[in-house]
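Data block below; observations after.
Every read-out reported here was derived from the displayed coordinates using simple, explicitly stated rules and does not represent laboratory data. Here the structure is a predicted model, which is why all the values come from computation and not from measurement. Counting neighbours? That spans all protein chains shown, and the Cβs are built from the backbone with ideal geometry, glycine included.
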Amino acid sequence: MAPGETAVIAGFHDEELSVKLLEMGFLPGSSVRFNYAAPLGDPVCVTISGFDLSLRVSEAATIAILR
Amino acid sequence: MAQSPHLRIALAGKPNSGKSSLFNQLTGLNQKTGNFPGVTVDKHIGYCQLNATTRAQIIDLPGTFSIYPRTLDEKIVSEILVDATGENYPDRVVLVADATNLKNCFLLLTQMVDLQIPTILALNMVDLAAQAGMEFDIAQLQKQLDVPVVMINARTGSGLDELKEKMAAPLPKSSLHVYEPDAELVPILDKIQAELHLKSRHAAFIVLQQWNQMNFLPDPKKKELQQLAHDIRFFPAKYQGAETVQRYGFIQGVLNAVTSKVADKEWKENTYLLDRILTHKIWGYLIFLFILFSIFQSIFLIAQVPMDWIDQGFANLSSYLSGVFPDGPFFDLITQGIVPGIGGIVIFIPQIAILFAFISILEETGYMARVVFLMDKIMRKFGLNGKSVVPLISGWACAIPAIMATRTIDNWKDRLITIFVTPFMSCSARLPVFAIMVGLVVPANNLLWFINLQGIALMGLYLLGFVAAIGTALVMKMWVKTTEKSYLLMEMPTYRTPKWSNVGYTILEKTNAFVFEAGKVILAISIVLWVLASYGPGDAMQQAEQRVTAQAQQNNWSAEDTERVLAAEQLENSYAGKLGKFIEPAIRPLGYDWKIGIALITSFAAREVFVGTVSTIYSIGSTDDTATVKGRLKAEVNPETGGPRFTPAVGFSLLIFYTFAMQCMSTLAIVRRETKGWKWPAIQLAYMTGLAYLSALAVYQLMA
């Protein structure tokens with residue numbers, strides 16, 4: 001995804017991490033916007049249901065998205 | 001007087017929801033920080049008079065999104081809310097919710113309701129939500145959730161009277177049940193609930209999932225639950241996922257019914273604009289460096305003024321007391337042991353207060369999350385974590401609050417490495433040692449019109465400590481094994497102006513922690529060292545006194561000179577002096593004599609004691625008028641070479657030694673507490689002392 005793009009969450013690849021992502025509001029079917037990445041490319045800042053948070057690229061990679 | 005009814009009320013909510021502001025509003029200065037039993041999590045407790053007859057004990061729980069914990073701080077929340085027999089189990093909970101983001105806040109609320117704890121919902125930041133164009137139907141919200149809802153502004157305190165009223169009034173449990181576990185689990189859960197005297201089926205469900213994190217359970221019970229979970233093939237992650245999805249489904253329904261988006265405004269524009277600058281690949285780092293530089297400058301320049309007052313004040317107090325007290329070992333203990341000991345603690349308060357003022361402001365504004373964001377990737381290369389930045393910066397003032405600040409790091413390995421390397425950051429206690437040694441061996445020439453050689457040397461020492469910290473982290477990264485994954489997942493809060501009273505409370509809290517945690521160790525050791533330095537084996541001390549008195553009469557010394565020589569002779573013949581001579585063979589290769597050895601030993605309570613000790617010990621045999629410590633050290637002659645004692649080689653060797661050595665008992669005590677055992681402080685002591693010794697050896701041998 002490029003900065004500014006929005007996608008819909010389809011599911012998760014990592015069961016353990018998915019619990020934490022779910023409770024932060026990453027729900028399958030909800031849309032997530034990629035805001036910007038840190039200067040070194042990692043971590044990234046995203047918005048999910050009006051809530052900004054940062055996560056590492058490796059963590060973001062466990063989220064499956066639909067465009 | 002009859003005891004008024006006493007309610008225990010817990011404040012819960014996600015981080016950045018305004019929970020701490022509300023806590024400060026409710027309790028004011030009537031609060032204290034303790035520890036939850038068995039774990040090193042700060043427990044904030046305060047009292048609040050709700051109305052004429054009701055007084056409540058308020059517990060500020062650590063911020064958490066749900067009762068599925070990740071960090072140490074969060075684990076305590078689920079334990080407190082589940083263990084109905086525990087001393088911290090609340091009678092009711094006030095859930096503080098950020099109105100701009102109700103969805104995330106309601107997750108915890110639905111869990112509270114399922115735990116059957118009477119709950120009040122405090123909607124905070126309604127003004128911000130209005131800016132974002134959101135409005136809420138409060139009556140509908142109350143009806144849907146069956147809990148009282150109060151709109152508050154935790155920053156200004158509006159809505160607080162209504163909240164207090166609701167907190168004091170009778171509060172039934174909500175009739176709502178959001179999540180029901182699978183039917184097949186119900187009999188098992190009911191049995192657990194009855195056995196452990198839990199308040200709800202959901203509490204039993206949590207216990208079955210998190211048995212290994214429930215400290216209130218006795219070990220056999222944990223084993224039983226482990227076996228049970230294994231037998232029925234109970235996988236927490238699967239259930240938690242399904243539960244969360246179900247809860248969010250419910251929450252979405254409620255939100256659809258109560259919120260109306262009256263306007264679609266991009267209210268976070270300012271935050272995004274600031275982020276563009278503050279996380280910019282060049283400006284972001286430059287601004288961060290500038291802020292670090294300002295902190296650094298303030299710690300050393302602004303703090304210097306009150307520190308000088310404190311230093312002078314305690315010296316005056318000491319001499320005043322020795323004037324009014326009669327002679328005797330007990331009064332000597334007070335004037336020479338206890339008063340300077342307390343002074344040695346109080347003198348660090350200005351630096352610690354200034355440092356935490358900065359850190360607290362950065363946290364209040366929301367900038368700290370950006371620092372973590374900027375630094376995470378760099379820090380991870382060294383086995384650290386973006387969240388290690390705050391402890392490392394704090395290490396410049398004092399390692400004790402710095403190590404306590406590592407509690408926000410959820411990954412144990414990252415946290416352990418941060419704890420291990422933080423004492424390498426040159427703390428303020430090293431500064432007096434650095435100042436005197438640099439002053440002695442580095443010329444005060446200006447390289448350019450503004451760059452001073454001594455300043456460069458001092459900066460180099462700080463840099464060296466930082467490099468040692470980073471290098472050690474890198475080694476530990478490869479050496480310490482873990483199966484636990486490291487997460488970052490962190491909210492990026494909206495920028496806000498800091499609330500100054502919150503900054504004030506943080507400064508008070510951290511200063512208190514330092515004074516009472518580090519203070520008691522420093523004081524205890526100061527007293528032990530005073531005894532070691534004031535008493536000697538057999539009648540060695542009396543002999544020294546007789547010898548000096550005879551010499552004084554022979555050479556017609558003034559009373560002042562006699563006293564100084566006597567102090568030095570007595571120190572030489574004391575237990576501390578014997579110890580210094582005992583370790584002399586070990587430190588001779590570093591260029592030190594037994595006099596420096598004494599200073600090394602006495603500075604174990606706090607490094608700055610080094611200066612006081614050398615100034616006493618180097619009075620031996622010299623009666624010329626060299627009043628300042630520096631002057632006396634400069635005049636000291638090495639009997640073997642006939643040249644000065646403090647050659648550049650000795651000076652630099654000492655500087656390097658103090659940069660690396662773990663010369664601080666209080667830090668070791670804190671590390672023991674935070675790592676729950678002697679293993680890590682022992683390794684740390686051995687490693688840092690070893691590194692200090694070898695480096696100092698190399699420096700001396702190369703330069704001499």
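What is the order of B:103, B:173, fewest Cβ neighbours within 10 Å to most?
The order, fewest Cβ neighbours first, is B:173, B:103.
With unit charges on the beta carbons (Lys and Arg positive, Asp and Glu negative) and the dipole taken about the Cα centre of the protein assembly as shown, which residue among B:570, B:11, B:225 sits farthest to the positive side?
It is B:225, whose Cα lies furthest towards the positive end.
Suppose only helical runs count, i.e. DSSP H with n ≥ 4. What mean residue ellipticity at 222 nm does that imply for chain B under -39500 (n - 2.57) per run, divided by all residues and rounded to the nearest 500 deg cm²/dmol?
Rounded to the nearest 500, it is -18000 deg cm²/dmol.
How large is log10 of I(q)/I(0) for the protein assembly as shown at q = 0.05, 0.10 Å⁻¹ when the intensity is taken from the Debye formula with one equal scatterer per alpha-carbon?
Debye curve over Cα of the protein assembly as shown, log10 I(q)/I(0) at q = 0.05, 0.10 Å⁻¹: -0.32, -1.06.
Give me B:604, B:235 sorted ascending by neighbouring Cβ count inside 10 Å, so fewest comes first.
B:235, B:604
What number comes out for the charge environment of residue B:503, summing +1 per Lys or Arg and -1 per Asp or Glu over other residues with Cβ under 12 Å away?
Once all neighbours under 12 Å are counted, the net charge is -1.
Give the angle, between 0 and 90 degrees and rounded to the nearest 10, that separates the Cα long axis of helix B:575-587 from the longest principal axis of the Cα atoms of chain B.
With both axes taken from Cα atoms, the answer is about 90 degrees.
What span do the alpha-carbon atoms of chain B cover on each of the three principal axes, reported in whole Å from largest to smallest?
The principal-axis extents, from largest down, are 98, 60, 53 Å.
Which length gain, in nm to one decimal place, applies between residue B:308 and residue B:224 when the Cα-Cα distance is subtracted from 0.36 nm times their residue separation?
24.1 nm
Using the count of nearby Cβ atoms within 10 Å as a rough guide to exposure, how do B:641, B:365 rank from fewest to most?
If I rank by nearby Cβ atoms, fewest first, I get B:641, B:365.
For segment A:6-66, state the semi-axes of the equivalent ellipsoid (square roots of 5 times the eigenvalues of the alpha-carbon gyration tensor), sorted largest first and rounded to whole angstrom.
Each semi-axis is the square root of five times an eigenvalue, giving 17, 13, 10 Å.
Under 13 Å Cα-Cα from residue B:481, which aspartates and glutamates qualify once same-chain neighbours fewer than 8 residues away are excluded?
Partners found: B:414.
Net charge near residue B:614: determine it from the other residues with C-beta under 14 Å of the C-beta of residue B:614, scoring Lys and Arg +1 and Asp and Glu -1.
Result for the local shell: +3.
Which loop-located trypsin sites (Lys or Arg not before Pro) does segment B:488-572 contain, where loop means any DSSP state but H, G, I, E or B and the Cβ has at most 16 other Cβ atoms within 10 Å?
Within segment B:488-572, the qualifying trypsin sites (Lys or Arg not before Pro) (loop, at most 16 other Cβ atoms within 10 Å) are B:496.
Longer than 26 Å from Cα to Cα, which of B:32/B:75; B:75/B:413; B:261/B:281; B:520/B:676; B:520/B:581; B:103/B:143 are they? Say none if no pair is.
B:261/B:281; B:520/B:581
Using unit Cβ charges (K, R positive; D, E negative) and no other charged atoms, how large, in debye to the nearest 20, is the dipole of the protein assembly as shown about its Cα centre?
With only Lys, Arg, Asp and Glu charged at Cβ, the dipole is about 1060 debye.
For segment B:503-703, compute Rh as the Kirkwood radius over C-alpha pairs and then the Stokes-Einstein diffusion coefficient at 4 °C and 1.567 mPa s; write the answer in µm²/s, rounded to an integer.
Translational diffusion coefficient: 70 µm²/s.
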